[in-house]
Amino acid sequence: MSHKTTITRENKWTTPFWSANIEEWKVQERKVSYNEDLIQFIISEAEKDKENKIRKSNRGGWQSRTDLFKDPATKELCAKIWDCSKTIFPFVKHMRISQMWAAVNKKNDFNVIHQHGEYDISGAYYLQVPPNSGKIVFRDPRPSAIASYFHTRIEGELHHIIPKECDLMFWPAFIDHFVEPSFSDNDRIMISFDLKFTT
């Protein structure tokens, strides 16, 4: 009689990602939702900065200055980021938003692979995400695992996410990521940020 072998699996080196959807910001009891306020603020910033030549990971598209966390328009978003951070990392005593910037991607715009490793946590808040406007893609941070045929067959090197409007996402800042080209005629609008923590 054959004996069935029990196989157990443990993941030793998983990389955490966190997300929340802040749908309530679209249905607040006021004439204009917080998201619409933010979109109008970003469009206004872009209109004032038509000659913007900021080129980091973006190929095409528009990126704002990186100190948006100082602007009253982002006050509620900064508070929500802190609230989520306290829940995710209860040992954290203080959070500093090191930089925060807006990005508008039009048709064919994309972001090349990059990471923000000098910070603790990176994140993004999605305000307007039309269909086919580009997935955000994360790469396994373990070089040896990427080189493994068995690992890439089982789990894959890349993790694709189609963001939704009102998604607030967090990930370790050292994770390589990129944004696929947009094939939409409508703008993809979001805010990115980097955090430093004191424990």
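The values are calculated or read from the model by the stated rules, or taken from the named source; none is laboratory data. Keep in mind that what you see is a predicted model, and the values were worked out from it rather than measured. Positions of Cβ are backbone-derived with ideal geometry, glycine not excepted, and every protein chain shown enters the neighbour counts. Remember, those area values only see protein heavy atoms, side chains included, never the ligands or the DNA or RNA. Shrake-Rupley method; radii C 1.70, N 1.55, O 1.52, S 1.80 Å.
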Practice task
Please find, within the range 170-198, the residue that is surrounded by the fewest Cβ atoms within 10 Å (Cβ to Cβ) out of those that are within 14 Å of A103 (Cβ to Cβ) and under 11 Å from the mean Cα position of the chain (by Cα).
Solution key: F178
Practice task
Of the numbered conditions (1) touching a Leu at 6+ places or on another chain (Cβ under 7 Å); (2) closer than 18 Å to D194 by Cα; (3) surrounded by fewer than 19 Cβ atoms within 10 Å (Cβ to Cβ), I39 fails exactly one; give the number of that condition.
Solution key: (2)
Problem - Within the range 44-63, considering residues that are out of contact with any Lys or Arg (no Cβ under 9 Å at 6 or more places or on another chain) and within 14 Å of D109 (Cα to Cα), the one surrounded by the fewest Cβ atoms within 10 Å (Cβ to Cβ) - result: R55
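So that you can scan it fast, the table gives a plain yes or no per residue for (1) open to solvent by 20 Å² or more (accessible area, probe 1.4 Å); (2) within 14 Å of the chain's Cα centre (by Cα):
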{"position": "A73", "(1), (2)": "yes, no"}
{"position": "L77", "(1), (2)": "no, yes"}
{"position": "V92", "(1), (2)": "no, no"}
{"position": "M95", "(1), (2)": "yes, no"}
{"position": "V104", "(1), (2)": "no, yes"}
{"position": "I113", "(1), (2)": "yes, yes"}
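Every residue, every condition in (1) at pLDDT 90 or above; (2) hydroxyl-bearing (S, T, Y), yes or no:
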| position | (1), (2) |
| --- | --- |
| Q63 | yes, no |
| L68 | yes, no |
| C78 | yes, no |
| S98 | yes, yes |
| N108 | yes, no |
| Y125 | yes, yes |
| P131 | yes, no |
| R142 | no, no |
